[in-house]
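Contents: one structure, followed by commentary.
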Amino acid sequence: MKSKLVLLIAIFVSLGIIYALLNSEKKQTNSNEQPTEQNQVCVKLVYDKPIEGYEVTADWQPFEVKGCETGYITINFRDISTGKEFQYINREKFSSYHTDLITSTAGFDGYKDGDVYHIEYVTKPSPFEESPIDYYLPFQFFDVDFDGKKELLINDYYQGQQGNNYEVFEIADSVLVAKRYAPFNSVDNMMTFDSQNKIITFYTHSGAYFSCSMYFQKIATSTKQQIIIPNDFDEKLRQRLSERAPYEPSDFHIIAADITMNEDKYLLKVDNGKWILAK
């Protein structure tokens, strides 16, 4: 009887130790989570004039009340003529030139829940003067695919060597449909648009040793493009072309490329579904 009692006591003590350890581990894990208080402040941004026929407001949740550059945002677009509405929502990280203007204003005392800010939809001279896509505006409407309808572009305000990156959305019956296939999944301020020939040029580079201009031309029907890379091409060139191969159906197909690697330059075009060196 005594031995059974000792055994029961030992079991309860062991269970208590295990519970304490698990609870301690849980507390330690949760200690690294972001406090929920940081996202409780929400302010309203009201744009001063209609933009492409839309009244625009935004709900901005900065991650910090002072010195903040990023946060969550919901941008509301209301069509003045029809009353239809749609939203752009970012629950990861959003920043913009306009919110930076608020944060950097002299005497700014921090965001307070429920504040309303009236925003001028203004920009300034771009460091990418030839880009048709505005460098500073947080959102804009631009016909990227030459179909006569303007898409919604959302600026990530990355401010990198090739400017900013832009999400592209079609507006279909007041619903945003993301264009996440090439070349629209890599839109930045170095991209050029030839509306007459319906050609988009995507440019990328890596330091002074690699650069690539890839030319996409609009086609009648969205299809997946497959381009054969000849075996007699230089291995490094083959690798670069393989990296740029399209993987999703698109209404723009690659027709040519200019590639520079170190001192080697390659002028290529696509002929009957195969890369060839242009003469």
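Below, the figures for the structure above:
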read-out: Of all residues in region 169-179 being touching a strand residue (DSSP E or B) at 6+ places or on another chain (Cβ under 6 Å) and free of Cβ contacts under 8 Å to residues at least 12 places away in the same chain, the one that is farthest from ASP79 (Cα to Cα); value: ALA178
read-out: Count of region 120-152 residues which are on the phi > 0 side of the Ramachandran plot and polar (S, T, N, Q); value: 0
read-out: Which numbered condition PHE142 fails, given (1) out of contact with any strand residue (DSSP E or B) (no Cβ under 6 Å at 6 or more places or on another chain); (2) farther than 16 Å from LYS44 by Cβ; (3) of a type outside the set (A, V, I, L, M); value: (1)
read-out: Scan of region 51-87 for residues that are among the basic types (Lys, Arg) and farther than 18 Å from TYR121 by Cα, ordered by number; value: LYS66, LYS84
read-out: Hits in region 206-222 - residues which are within 21 Å of the chain's Cα centre (by Cα) and free of Cβ contacts under 8 Å to residues at least 24 places away in the same chain; value: SER206
read-out: Among the candidates TYR203, TYR266, TYR215, TYR209, residue that is touching a Leu at 6+ places or on another chain (Cβ under 8 Å) and of a type outside the set (A, V, I, L, M, F, W, C); value: TYR266
read-out: Filter pass, ALA182 being farther than 28 Å from ASP79 by Cα and in contact with a Ser or Thr (Cβ under 7 Å, 6 or more places away or on another chain); value: yes
read-out: Strands (runs of 3 or more DSSP E) enclosed by region 57-168 - at least 2 residues per element that are in contact (Cβ under 8 Å) with a residue 12 or more places away in the chain, surrounded by 12 or more Cβ atoms within 10 Å (Cβ to Cβ) and among the charged types (D, E, K, R); value: 71-79, 85-94
read-out: VAL41 vs. criteria surrounded by fewer than 16 Cβ atoms within 10 Å (Cβ to Cβ), of a type in the set (A, V, I, L, M) and in contact (Cβ under 8 Å) with a residue 60 or more places away in the chain; value: no
read-out: Pair list, Cβ under 8 Å, 6 or more apart: region 181-196 residue closer than 22 Å to PRO249 by Cβ and of a type in the set (S, T, N, Q), other residue part of a loop (DSSP other than H, G, I, E, B) and at pLDDT 95 or above; value: ASN185/LYS179
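Here is a yes/no grid of residues against (1) closer than 22 Å to SER222 by Cβ; (2) not small (Gly, Ala, Ser):
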site: ILE133; (1), (2): no, yes
site: PHE139; (1), (2): no, yes
site: ASN155; (1), (2): no, yes
site: ASN165; (1), (2): no, yes
site: ALA172; (1), (2): yes, no
site: SER186; (1), (2): yes, no
site: MET191; (1), (2): yes, yes
site: ASN197; (1), (2): yes, yes
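The values are calculated or read from the model by the stated rules, or taken from the named source; none is laboratory data. Because the structure is predicted, anything quoted here is derived from the model rather than measured. So basically every Cβ, Gly included, is an ideal-geometry build from the backbone, and we count neighbours across all protein chains shown.
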